[in-house]
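Worksheet: one structure, shown below.
The values are calculated or read from the model by the stated rules, or taken from the named source; none is laboratory data. For clarity, every value in this text was computed on a predicted model and none was experimentally measured. Here Cβ is always computed from backbone atoms with ideal geometry, including for glycine, and neighbour counts include all displayed protein chains. Each accessible area value is taken on the protein alone, full model and side chains, heavy atoms only, with ligands, DNA and RNA left out. Shrake-Rupley method; radii C 1.70, N 1.55, O 1.52, S 1.80 Å.
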Amino acid sequence: MKTTTRVAVIGGGVVGCSVLYHLTKLGWSDVMLLERSDLTSGSTWHAAGGFHTINGDTNMAALQGYTIRLYKELEAITGMSCGLHHVGGVTLADTQDRFDMMLAERAKHRHMGLDTRIVTPEEIREIAPVTNIEGIIGGLYDPLDGHLDPSGTTHAYAKAARMQGATIETQCMVRETNQRPDGTWDVVTDKGTIHAEHVVNAAGLWAREVAAMAGVYLPLHPMEHHYIVTDDIPAIYERGDEHPHVMDPAGESYLRQEGRGLCIGFYEQRAKPWAVDGTPWDFGHELLPDDLDKISDSIEFAYRRFPVLSEAGVKTVIHGPFTFAPDGNPLVGPVPGLRNYWSASAVMAGFSQGGGVGLMLAQWMTQGECERDTASFDVARFGTWTTPGYTRPKVIENYQTRFSVAYPNEEKPAARPFRTTPMYDIFDAMGAVWGQQYGLEVPNYFAEGGEPRYETPSFRRSNAFDATAREVRAVRGGVGINEIQNFGKYAVTGPKARNWLDRIMAGRIPGPGRISLTPMLSEAGRIIGDFTVTCLGEEEFRLTASYSAQAYHLRWFDRHLEDGVAVENVSDRITGFQIAGPQAREVLAACTRDDVAALRFLDARRMTVGMAECIVQRVSYTGDLGYELYCDAMSQRSLWHTLWEAGQAHGMVVFGMRAMMSLRLDRLFGSWLREYSPDYTPAETGLDRFIHWSKDTPFIGRAAAEAERATGPARVLAAFRVDAADTDVHGYEPVWLDGEVVGFCTSGGYSHHLGQSIAFGFVPKDADHPGLEVEIEILGERRAARRIDTAPWDPDGARLRG
Ligand SMILES: Cc1cc2nc3c(=O)[nH]c(=O)nc-3n(C[C@H](O)[C@H](O)[C@H](O)COP(=O)(O)OP(=O)(O)OC[C@H]3O[C@@H](n4cnc5c(N)ncnc54)[C@H](O)[C@@H]3O)c2cc1C
């Protein structure tokens with residue numbers, strides 16, 4: 001056996017083999033896969049082998065599209081069969097909400113180049129004749145859907161990797177992974193120790209145990225899953241063509257032809273987590289005992305939807321475990337806190353996603369970054385706050401809602417409340433309707449009087465509309481207050497702090513007492529952060545950015561850290577409030593003896609507010625006159641009482657995230673992972689105006705940003721007023737121009753202050769001009785939209801700066 005390798009991939013399931021293949025494809029051939037038994041010995045061998053492109057998350061859908069297209073390439077390279085059956089598939093809708101979701105999905109597919117189509121109940125009967133279409137109002141057909149041979153496909157990946165130099169060692173159990181001081185790894189196996197530069201955890205059902213060998217926790221959990229194969233059914237085998245897949249979200253089932261019969265699997269409500277205290281090492285090529293009681297309701301429903309099932313006996317019952325992360329997406333990328341340790345785990349749909357996961361990880365390892373935004377599957381989207389106690393209920397919820405309608409405004413209830421600030425009970429008593437970000441409870445809005453404490457999930461405007469309007473009015477007309485716990489906050493200190501920031505950030509690093517806004521760029525010039533930088537002293541800075549991006553940003557900071565600078569994540573130690581609106585200055589002045597009037601826009605000062613020591617920053621994402629007051633979490637309640645009591649004389653109102661996201665539209669402020677993400681560049685989004693081109697420091701991403709500046713971007717982000725009466729843009733809706741899809745939206749919403757629906761979207765640079773008129777497709781309907789050329793409210797910033 002080899003004793004040194006550049007990469008040791010642990011796990012020979014479909015995911016590990018895909019990672020191995022993609023590493024070789026991208027030029028790393030000194031790579032090795034270690035499998036404790038034979039290839040496919042985890043979840044892979046008993047999978048139903050179905051694949052499909054549809055995914056509510058656009059980047060996941062792209063990964064799935066890549067995976068499915070890859071199989072033909074694999075067959076061509078290896079001469080092996082993946083057992084492909086491209087039979088197409090239809091997803092059924094029996095409610096208007098489900099149908100709305102399909103319309104929204106179909107619309108996204110237009111600019112993704114996916115050839116799906118909306119079908120009528122009659123068309124469904126023709127496409128998938130075993131379906132009882134009673135109560136069905138339509139469906140979404142995807143010609144790419146199909147299934148394959150799980151084992152053949154895994155072996156094809158393995159063969160393709162071997163052909164390009166990879167080594168595969170089976171019957172080779174990894175017992176320990178020990179890091180050397182230089183960041184490389186000793187991988188201790190039953191066959192000896194291997195010295196590897198990098199380790200990839202692709203251990204599937206055992207990914208938790210393998211992660212623990214390196215001292216980290218990966219938030220994933222195995223769930224039990226059933227599918228059934230029927231005896232032969234004449235109505236199936238007498239058909240000329242293979243019957244397509246049918247996904248029936250109402251019945252939480254997926255169905256397809258298997259040989260001369262049918263195969264049907266369920267995501268049942270009586271979902272059971274498996275191996276709660278750890279996956280046994282002696283679990284191998286075996287199944288779990290049948291538990292048909294668990295799926296009896298689903299079977300009953302399926303008999304009504306597919307009556308032919310009741311005529312057939314059951315040939316085989318498959319009951320096996322596979323793993324999920326709390327949100328159902330894979331955990332991919334460099335594991336935060338470890339060097340040269342990568343995750344390719346929690347891939348719950350290995351045959352839809354495995355290829356894309358392999359490609360992304362291989363790009364990350366060999367090229368330093370991926371070609372697209374990884375936020376939805378990056379292992380760093382969960383922080384060190386995740387625990388098995390959090391993960392398990394979330395995974396169960398995810399399993400149960402796998403086929404549920406995914407609403408853009410939905411807040412799923414499992415494992416909540418978990419992380420709360422000292423304000424939780426005060427806000428709760430004030431009627432907070434809670435949302436959740438990165439495990440933290442955040443007020444979305446405040447219900448008053450008899451208003452329900454629950455926002456109805458919807459693709460259209462929800463019951464939060466009136467409350468949000470009320471909060472927006474209060475901010476624009478007087479003063480509002482909200483909590484600013486949900487910012488990621490970092491203290492950057494040391495003699496080299498300024499130099500380091502100048503290298504890490506593309507924008508201007510401010511002088512003492514001042515604040516600046518800056519993009520952070522990857523080497524390839526993509527936006528990996530939009531930061532507020534505050535200079536408290538020559539060697540003391542504060543950064544704020546997205547709360548949910550903490551592990552992501554810290555991982556980047558760690559990678560680029562230098563002597564003479566320290567970065568500390570103070571996100572949960574430092575908290576506070578924002579007060580905003582024309583009366584904000586009076587409120588603050590009433591709470592401190594410090595000179596509030598002297599504080600100019602983008603100034604920062606230490607002030608005592610009431611009894612609390614604060615850093616006060618004159619900025620506001622509401623676009624209004626406003627202040628952010630940061631204090632120690634222990635002083636937060638006292639600061640609240642001070643501000644709230646002083647605010648009463650000015651009609652102060654508490655506001656939540658829904659109002660905040662509406663207010664930002666008035667000034668056309670973009671937002672993280674909507675307008676600003678690694679999928680986009682500064683020149684495309686207008687963030688290039690914050691780049692400090694003349695600074696001497698060769699900041700990261702400079703060469704790429706300069707190259708793009710020279711040529712100009714091919715597309716640009718524009719804002720639009722949309723003719724939309726009962727729904728707004730949420731993201732990825734297509735932008736039509738002269739009968740063609742030319743772009744897509746990044747986000748949007750309703751500006752309660754302006755009384756308008758506003759959207760951000762990309763259009764080709766050549767087509768862009770002031771007053772550009774386009775159509776934006778929302779829920780299947782094209783709505784007229786006209787470009788907004790300057791911020792519709794306070795265009796010269798008089799309120800913000802005044
Ligand atoms: C009943 C059922 C039906 C399914 N149907 C589908 C479907 O239709 N379509 C679809 O896309 N997905 C389906 N899945 C999910 C699919 O099986 C998984 O997504 C996929 O198999 C995950 O592959 P993996 O490589 O990540 O993990 P695994 O297949 O679990 O592979 C992990 C490998 O790592 C090895 N390993 C672990 N620890 C060590 C160690 N210490 N040393 C060495 N080796 C180690 C294991 O032996 C194993 O071979 C289904 C799952 C089930 C249970």
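A simple packing score, the average count of other Cβ atoms within 10 Å per residue, orders the peptides 121-130, 726-735 as 726-735, 121-130, with the highest score first.
Along segment 591-605 the Karplus relation, 6.51 cos²θ - 1.76 cosθ + 1.60 evaluated at θ = phi - 60°, assigns HN-Hα couplings of 10, 8, 8, 6, 7, 6, 4, 6, 7, 8, 3, 6, 8, 9, 9 Hz to successive residues, with x for each Gly and Pro. Solvent-accessible area of the chain (1.4 angstrom probe, protein heavy atoms only): carbon and sulfur portion equals 49 percent.
In this structure, the residue pairs whose Cα-Cα separation is over 26 Å, taken from 159/272; 294/315; 25/108; 159/315; 294/394; 191/394, are 159/272; 25/108; 159/315; 191/394.
Please compute the alpha carbon radius of gyration of segment 499-551, then divide it by the globular-protein estimate 2.2 N^0.38 Å. Two decimals is fine.
1.11
Contact order for the chain, expressed relative to its length and based on alpha carbon pairs under 8 Å spaced 6+ residues apart, stands at 12 percent.
Each residue of segment 197-207 was assigned a 3J(HN,Hα) from its phi angle through the Karplus curve 6.51 cos²θ - 1.76 cosθ + 1.60 (θ = phi - 60°); the sequence is 5, 10, 10, 10, 8, 10, 8, x, 4, 10, 4 Hz, with glycine and proline shown as x. Think of the chain as having a plus end and a minus end, set by charges on the Cβ of Lys, Arg, Asp and Glu; of 198, 800, 734, 800 sits farthest toward the positive end of this dipole.
Keeping all protein chains in place, calculate the accessible area per residue for segment 62-181 (probe 1.4 angstrom), answer in Å². All intermediate terms of the calculation are to be shown ahead of the outcome.
Details: 4870 Å² over 120 residues.
Ligands and nucleic acids excluded, the figure is 41 Å² per residue.
Sorting 77-87, 23-33 by average packing, meaning the other beta carbons within 10 Å per residue, from highest down gives 23-33, 77-87. Classify segment 661-802 as rounded, prolate or oblate, taking a ≥ b ≥ c as the square roots of the eigenvalues of its Cα gyration tensor: rounded when a/c is under 1.5, otherwise prolate if a/b is larger than b/c and oblate if not. Oblate, since a/c reaches 1.5 and b/c is not below a/b. Picking from 376, 408, 420, whose Cα lies most toward the positive end of the charge dipole for segment 375-421 (charges on Cβ: Lys, Arg +1; Asp, Glu -1)? Positive-most Cα among the choices belongs to 420.
Residues whose amide H comes within less than 5 Å of that of residue 290, counting only those at least five positions distant or on another chain, are absent (H built at 1.01 Å from N in the peptide plane).
Which of the listed residues, 597, 669, 627, is farthest toward the dipole's positive end in segment 585-696, when Lys, Arg count +1 and Asp, Glu count -1 at the beta-carbon? Comparing the listed Cα positions along the dipole, 597 ranks first.
The peptide list 685-698, 623-636, put in order of mean Cβ contacts within 10 Å with the highest first, becomes 623-636, 685-698. In this structure, residue 726 and residue 454 have a Cβ-Cβ separation that, at R0 = 22 Å, corresponds to a calculated FRET efficiency of about 0.65. Per residue, the chain reaches -7500 deg cm²/dmol at 222 nm when only DSSP H runs of four or more residues are counted, each adding -39500 (n - 2.57). Placing a label point 7 Å from the Cα of residue 709 along the Cα-to-Cβ line, the residues of segment 668-695 whose backbone N sits under 18 Å from it are 681-695. Projecting label points 7 angstrom from Cα along Cα→Cβ for residue 182 and residue 239 puts them 6.0 nm apart. Solvent-accessible area per residue in segment 603-729 equals 37 Å², computed with a 1.4 angstrom probe and all protein chains kept. Measuring r between the beta carbons of residue 132 and residue 95 and using R0 = 22 Å, the FRET efficiency lands at 0.85. In this structure the amide hydrogen of residue 536, modeled in the peptide plane, comes within under 5 Å of the amide hydrogens of 513, 541, 542, none closer than 5 places in sequence on its chain.
Taking the convex hull of the alpha carbon positions in segment 611-729 and averaging its projected area over all directions gives 11.7 nm². Using bins of 20 Å that start at zero, the share of Cα-Cα pairs per bin across the chain amounts to 15, 47, 33, 5, 0, in whole %.
In segment 228-378, the inverse of the mean reciprocal separation of distinct Cα atoms equals 18.3 Å; this is its Kirkwood hydrodynamic radius.
For segment 476-564, the dipole from Cβ point charges (+1 on Lys and Arg, -1 on Asp and Glu) about the Cα centre works out to 260 debye, to the nearest 20.
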